[in-house]
Every structure is written in C-alpha cells, then in structure tokens.
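Working notes for the structure below.
Read-outs: derived from the displayed coordinates by stated rules, not from any lab. All values derive from a computational prediction rather than experimental measurement. Neighbour counts run over all protein chains shown; Cβ positions are idealised from the backbone, glycine included.
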Amino acid sequence: MENQIFELAYAMDTFYFLICGALVMWMAAGFAMLEAGLVRSKNTTEILTKNVALFAVACTMYMLCGYEFMYGGGYLLSGIETTGGIDAAAALAAKAENGFDGDSVYSGASDFFFQVVFVATAMSIVSGAVAERMKLWAFLAFAVVMTGVIYPIEGGWTWGGNEVPLIGALDYSDYAGSGIVHMAGAAAALAGVIFLGPRAGKYAADGSPRAIPGANLPLATLGTFILWMGWFGFNGGSTLKLSGIGVANEVANVFMNTNAAASGGLIAALLVARIMFGKADLTMALNGALAGLVAITADPASQSAAMSTLIGAIGGVIVVFSIVGLDKLKIDDPVGAISVHGTVGIFGVLAVAIFGDASFGGQIIGLLVIFVWVFVTSSIVWLALKATMGIRVSEEEEFEGVDMSECGMEAYPEFTS
Amino acid sequence: MKLITAIIKPFKIDDVRDALAGIGIQGMTVTEVKGFGRQKGHTELYRGAEYNVDFMPKIKIEVAVADSLLDQTIEVITESANNGKVGDGKIFVVELDQVIRIRTGETGEEAI
C-alpha cells in the first residue's frame, strides 16, 4: 500500500511537470503572436518563421548538447534513462526515501521536457528585439549557439550547481529564472540590437525617436494573454513537484502570486502611460503585464498576493521608463523585450533580496556573471555572423518588408490570381 | 448636367445621404479617401514616441445631377455636412458631358 502511494506520487509529480512544460511550450505561441502584432504587416511572415524555427532549433540543440552542459544529462540525452532502461524499483526506492517533503523524484524525460521549453523562452526574447531588419538565417545561426551553448552554460552555473570559473559556486536565488532565463535572453538581444542598429526611419535626422506602430493589436493582446497563461507553467512548474500538502500549497501560492503580479504590472503600466502620454497606450499595458510576470519570477512562492501585486506593479512602472529610455539611447526594440525581460528581470532578482531572504551580494554577483557571460559571448557570435554572412538585410529589402526578401510570401496577400 | 464631388468628414456620411435622398437624389458613389487641406494632419503618440498622421481620412461622395437640381444639392450637402470646424470638407462641381445607363442604353438626364 505504501509503495503504491509513492508510485502515485511519482506519477503525479511527473504528470505535473509535463503539463507545466506543455504550458511553457505554449508561451512560444504567445511570443509569436505578440511579436507578429507589434511589427508592421510587411514583416509578419518572417517574424512567425523565426518564432517557430527558433523553437525547433532550441529543442534540438538542447537535446544534442545543451542538457549535458547545464545538468550533465549527456549528449543526445545519453545520461538519462528513457524508454527501455528505466529502473522502476530504484525510482520507487528514491521516492520512498525522499518522502513527500524531500527532493522531487520524477521521470528523467519529464525533466528534460520541462527544461527544454525554458531554453526556447530565452531565445524567443531575442527575436522580438531584432525584428523587422535581421536576416532570418543569421538569426537562426545565432539560435544554434545560444540554445546549444550560451544559455546552458550559465544555466549550469545557477540551477545546475556547476562552479563558475574563477568565482566558484554562486549564492544566487532565482526561483523560475528572472535572471537565468529572462535577463539572459535580454542580454543576448541587447548585444544583437547594438550590432544591428535601429530600423530605418526609427530616428529623425535630429536623433529624436519616431513611432513605428504595430500592425495588429488584437494579436499582440492575444499573445500577452497566452504568455500570462503559460507563465503558470513557467513559475508553477519550477516548484518541481506537486505531491504532498506543503508542496501543493506552495504550488497554489505560486499560481496566485504569478497572476497577482501580472495584474499589478498591467495596472501600473497603464496608469503611468496615461499620465506620461495622455492616452491609455495598450502596448504599454501589455508590456506592463509581462513586466509584472518577469518581476515575480525570481520569487513567486514566499510572498503574499498583496506583496506580489506590489512587486509586479514596480515592474510595470520600471518597464515604461525603460522603454522610453532605451528609445532615446537609440536602442531600437520594436516589442520592448529588452525592457520587459532585461531591466525588469534585474529588478526581479534584486526584489528577492529586497522583499525576501536572499543576500544582495549573492544576487548582484549572480546577475553580473549571467550578464557578462551572455553579453560577451553573444557579442562574439553576432560579430562573427556580421563578418561572414551579415546580420542585416539591405535597405531596399527592409523597405519592401522582410516577408518578401526572406520568405517570399506575404502574410496577407492581395491581388493574386 | 453636373458632377458634384464632395469631400466630407466620415461621421457625416449618414446625414448627407439622408439629406440627398430627401430631395430626390437617386444614386451616389462613395469612396473612403485620405488627404489634407487646411486641417493638415496631426501627431499621435505610440509607446511614448510621436508620429505624424499627414493625411486625414475622409469620405468622397460623387453625385451626378440635372442642372435644375444643382443649387439644391449643393445647399443640402453644405447644410448636412457642416460641423462648423476646420476639416469639414469641400464641394467641387464640374460639367458632365454625357451619362449612359448601361442596362437600357438611356442617355442624358434620363440616365441619372
């Protein structure tokens, strides 16, 4: 009877992990819709192609070598037991030994599945920031290195428990990855945008930023809702298990706080935009919800719902100022990804020290390690791509839209016969 | 016969249509157009950055009328499209050489 309960707990934790992984996978759809909504219609097909292709590249590269670099899971997953080689008796013994309060025990394949969709999330952040002017194949080449090497190495230093060269083990607390996933993705995006330059027409002759309105705000809104929903898997699954009263309560807290932070972020950004610009800017409100989610991601478990709303709201305020500020610095980010995931990601990690029980020193060193590693290695890869295949489409192709030059098809064709 | 082309504010189209129908005008052609006159364009904000809307959306109405109806038609369009503000639009009148109804082959005022 006792064994059957542990078998059931093993099955429940594995199932929970898989369902959360599926929710995070769906975030790829959210990013695709958000980005398709915030670019011009002439660049729709290409941004969708980037989004689906980067997801597939991330899953393949993480299986090939990323999972080995991050968790020592072996090249081609040779280190984890999948079909055929699973020792049920050993799994049961481990589950029984750990009990309901100890470390989670679940299927190795479910762990890979949950981790691999996080890699895709980090890479999705890059595609929005470099939208409307980057070459499709240069972007995908970068995705290979980012998802196969750059992200897994820093993930190994943090979640994987590997020692950082010259620094040693980190004292860094980041529940679901405000820094490890979001700020890392934004650091790669920032490097890309710096070497890529702003979109043509983004800045007037006197250097003042000009607006390039997105083509489809219903899609951008749908994308934000999809991300909001997927985030329950992103943060909720990071509890790593479900069985047991204590753990189940923690999971419920994470869901509640994740939702609260998104709401706080949206309200704050909507109000700040209304005060600053005089009108309710929907795109800022959408970015505000995502900022709230990024802000709470580093510690969604231990705070109250009211505190989570506040943390999310601070993220929502920061994101508006960050977007306007980066715009003035000529860092052209069509969807606000660097602000949402980078600036607010930094705040989210620091919020654990401000409102929770992590040390400031540990959080700051962790952030610096992640940022320096991702920014420097990404810069090297972007520069190498720029010197070889080139990363930017020609001026004429940019004007005509990358849908035609990169994909040869329009998202909304007319006058065909 | 005259061809009247009126550029009006889009929200006035129902008023103008009803007013023209009221004096017996039996047909018109309506097009959504953009342009500028004294109203010029305006600037809007998107994510904190300004952009110019140089061409304002307008409705273009084309009506062919017999010479006897010309003054009355101009009068009702002017009245029904008037909002008292810059950007209310304009009316252009040109001479119409010929009108032919395609189905019957009728010509001239019979075809209007």
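Structural remarks
- In plain terms, the chain from residue B:78 to residue B:98 could stretch by 4.6 nm, reckoned as 0.36 nm per residue minus the Cα-Cα distance.
- The angle between the Cα long axis of helix B:70-80 and the main principal axis of chain B comes to about 30°, on a 0 to 90 degree scale.
- Computed log₁₀ I(q)/I(0) - Debye formula, equal Cα scatterers, no solvent, the range A:179-246, q 0.15 Å⁻¹: -0.83
- Loop-resident trypsin sites (Lys or Arg not before Pro) (DSSP state other than H, G, I, E or B) in the range B:11-112 with no more than 10 further Cβ atoms inside 10 Å of their Cβ: B:38, B:85, B:103.
- Fraction of antiparallel bridges per DSSP, the protein assembly as shown only, in percent to nearest 5: 95
- The protein assembly as shown, helix-only ellipticity at 222 nm - DSSP H runs n ≥ 4, -39,500 (n - 2.57), divided by all residues, nearest 500: -18000 deg cm²/dmol
- Computed E for residue A:171/residue A:56 - FRET, C-beta separation, R0 45 angstrom, nearest 0.05: 0.80
- Degrees separating the helix B:13-22 axis from the principal Cα axis of chain B, which is the longest one: 20
- With the biggest extent put first, the Cα atoms of the range A:359-406 measure 51, 21, 13 Å across the principal axes.
- Ratio Rg/Rh, restricted to the range A:326-417 and using Cα atoms, in which Rh is the Kirkwood radius: 1.16
- Neighbour cut-off at most 14 other Cβ (10 Å), DSSP loop, chymotrypsin sites (Phe, Trp or Tyr not before Pro), the range B:16-97: B:36, B:55
- Cα-derived Rg over Rh, computed across the range A:39-173 with Rh taken as Kirkwood radius: 1.08
- Across the range A:108-152, counting alpha-carbon atoms alone, Rg and Dmax equal 12.0, 40 Å.
- Every pair of different Cα atoms in the protein assembly as shown enters the Kirkwood calculation, which places the hydrodynamic radius at 26.1 Å.
- Positive-end ranking of A:288, A:204, A:228 along the dipole of the range A:176-294, with charges on Cβ about the Cα centre, is headed by A:204.
- Overall size of the range A:159-306 from C-alpha positions, given as principal axis extents largest first: 60, 41, 25 Å.
- For q = 0.14, 0.17, 0.30 Å⁻¹, Debye-computed log10 I/I(0) when each Cα of the range A:6-63 counts as one equal scatterer: -0.53, -0.66, -1.11
- Cα-centred dipole magnitude for the range A:102-177, charges only on beta-carbon of K, R (+1) and D, E (-1), debye, nearest 20: 440
- Per residue, the average separation of C-alpha pairs within less than 8 Å and at least 6 apart gives chain B a relative contact order of 42 percent.
- Here A:132, A:35 are placed in order of increasing Cβ neighbour count within 10 Å, fewest first, which gives A:132, A:35.
- Cα pair distances in the range A:72-113, grouped into 10 Å bins until the bin that holds the longest one, percent each: 27, 51, 22, 1
- Cα convex hull, chain B: 120 Å³ per residue, rounded to a whole number.
- Unsatisfied cross-links (Cα-Cα over 19 Å) in the set A:202/A:330; A:202/B:40; A:279/A:330; B:12/B:85; B:58/B:90: A:202/B:40; A:279/A:330
- Taking the fewest neighbouring Cβ atoms within 10 Å as the starting point, the ordered list for A:126, A:149 is A:149, A:126.
- Cβ-to-Cβ counts within 10 Å put B:76, B:94, A:372, A:193 in ascending order as B:94, A:372, B:76, A:193, the fewest first.
- Here the protein assembly as shown is assigned +1 on the Cβ of each Lys and Arg and -1 on the Cβ of each Asp and Glu. Its dipole about the Cα centre then comes out at about 1040 debye.
- Taking a quarter of the surface of the Cα convex hull of the range A:220-259 gives a mean projected area of 2.6 nm².
- The calculated FRET efficiency for the pair residue B:70 and residue A:414, based on their C-beta separation and a Förster distance of 56 Å, comes to about 0.90.
- Screening chain A for DSSP H helices whose Cα atoms reach 27 Å or more along their own axis and whose mean Kyte hydropathy is at least 0.0 gives A:2-38, A:108-129, A:217-236, A:245-277, A:305-328, A:360-388.
- The Rg/Rh ratio for the range A:252-333 is 1.04, where Rg is the radius of gyration of the alpha carbons and Rh is the Kirkwood radius.
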